[in-house]
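Down below is the structure, laid out as C-alpha cells.
The values are calculated or read from the model by the stated rules, or taken from the named source; none is laboratory data. Here the structure is a predicted model, which is why all the values come from computation and not from measurement. Positions of Cβ are generated from backbone atoms using ideal geometry, with glycine treated the same way; all protein chains shown enter the neighbour counts.
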Amino acid sequence: MADLRKRFGELLAVHRRRRGLTQEDLAEAAGLSVDMISKIEVGATGARFPSIERLAQAVQVDPAELFTSELPNGSMNRGAFGEISAKLSSLPESDLVWISALLDVALPRGHDQSIARSKRQAGRVVAKPTKSAVTAKKKNR
C-alpha cells in the first residue's frame with residue numbers, strides 16, 4: 001500500500017509542476033491543506049476518492065493518470081478524449097448517468113464496428129436519415 005501511495009504522490013507532484021502550480025495553489029484548488037498536499041506527494045499519507053477527484057481536476061488530468069505505472073505524458077488528456085473528459089468532469093452525477101445512457105444508445109454495436117463504420121464514412125458527408133426514410137426502410141425488410 002505504501003508503494004501505491006508513494007507512486008500516487010510522485011505522479012501528483014509531476015502533474016502539479018507540469019501545470020505550473022505550487023503546493024499552495026493545488027491545496028486551494030482541491031480544497032485541502034498545504035500540509036496534506038505535502039504528505040500526499042511524499043507518500044506519507046493517502047487520499048480518499050473525493051479528494052483524488054478534486055486533485056485530478058485541479059491538475060487537469062483524468063484521475064486514472066494518477067495511478068499509472070509510467071510517468072505521465074498526458075495521453076489521456078489529449079485530443080477528443082481529453083476535451084470530452086474535461087467537459088464531463090464538472091457535471092453532477094445525475095447528468096453523467098443521463099450521458100452514460102445516451103452513449104449506450106449511441107454505441108450499441110461496440111467499438112470495433114463503430115471504427116469500421118467511421119472508416120467507411122471517411123471522406124464523405126453522411127446526412128442523417130429522415131424519419132420517412134427510416135420508416136420506408138423498415139417496411140422493405
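Here are the numbers for the structure shown:
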quantity	calculated
Filtered residues of the range 27-56 (kept if part of a helix (DSSP H, G or I) and over 19 Å from the mean Cα position of the chain (by Cα))	Ala27, Glu28, Val34, Asp35, Met36, Ile37, Ser38, Lys39, Ile40, Glu41, Val42
Restricting the range 86-99 to residues that are assigned to a helix (DSSP H, G or I) and exposed (fewer than 10 other Cβ atoms within 10 Å of the Cβ), the residue that is modelled with the lowest pLDDT	Glu93
The range 47-85, subset among the basic types (Lys, Arg) and at pLDDT 70 or above, residue surrounded by the most Cβ atoms within 10 Å (Cβ to Cβ)	Arg54
Glu24 being more than 12 Å from Phe67 (Cα to Cα) and out of contact with any strand residue (DSSP E or B) (no Cβ under 8 Å at 6 or more places or on another chain)	yes
